[in-house]
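Bear in mind that the values in this text are calculations on the coordinates, not laboratory data. What you are looking at is a predicted structure, and each value in this text was computed from that prediction instead of being measured. Cβ coordinates were reconstructed from backbone atoms using ideal geometry, including for glycine residues, and neighbour counts include every protein chain displayed.
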Amino acid sequence: MLDQRILEFLVCPATKAPLIYDQEHQELVCKASGLAYPIRDDIPVLLESEARQLTLDEKEKWDKSAK
């Protein structure tokens, strides 16, 4: 489980936009870049080379959840 206080300070390395914690997939999601960064052993891996591109369905899901 990622500490919410830490999440307040983390940003996407590509866009500097805020990240959203996806507990189900253990990822940090950036809506601005469309990237999902993995969390391994409770440590966020904020490397673009380790991130995966969100699918269109996932982007829509995150856009709707913000409203």
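A few notes on this one:
- The packing ranking, built from the mean of other Cβ atoms within 10 Å per residue, places the peptides 5-11, 34-40, 23-29 in the order 34-40, 23-29, 5-11, highest first.
- Cβ crowding within 10 Å averaged over residues, with 13-22, 50-59 ranked highest first: 13-22, 50-59
- Estimated [θ] at 222 nm from DSSP helical runs (n ≥ 4, -39500 (n - 2.57)) normalised by residues in the chain, nearest 500: -5000 deg cm²/dmol
- All aspartates and glutamates inside 15 Å of Lys59 as judged from Cα atoms, apart from same-chain residues fewer than 8 positions distant: Asp22, Glu27
- Translational diffusion of the chain, µm² s⁻¹ [Kirkwood Rh, Cα pairs; Stokes-Einstein; 37 °C; 0.692 mPa s]: 276
- 0 to 90° range, to nearest 10: angle between helix 56-65 axis and the chain longest Cα axis: 80
- Normalising the average separation of contacting C-alpha pairs (under 8 angstrom, six or more residues apart) by the number of residues puts the relative contact order of segment 4-65 at 22 percent.
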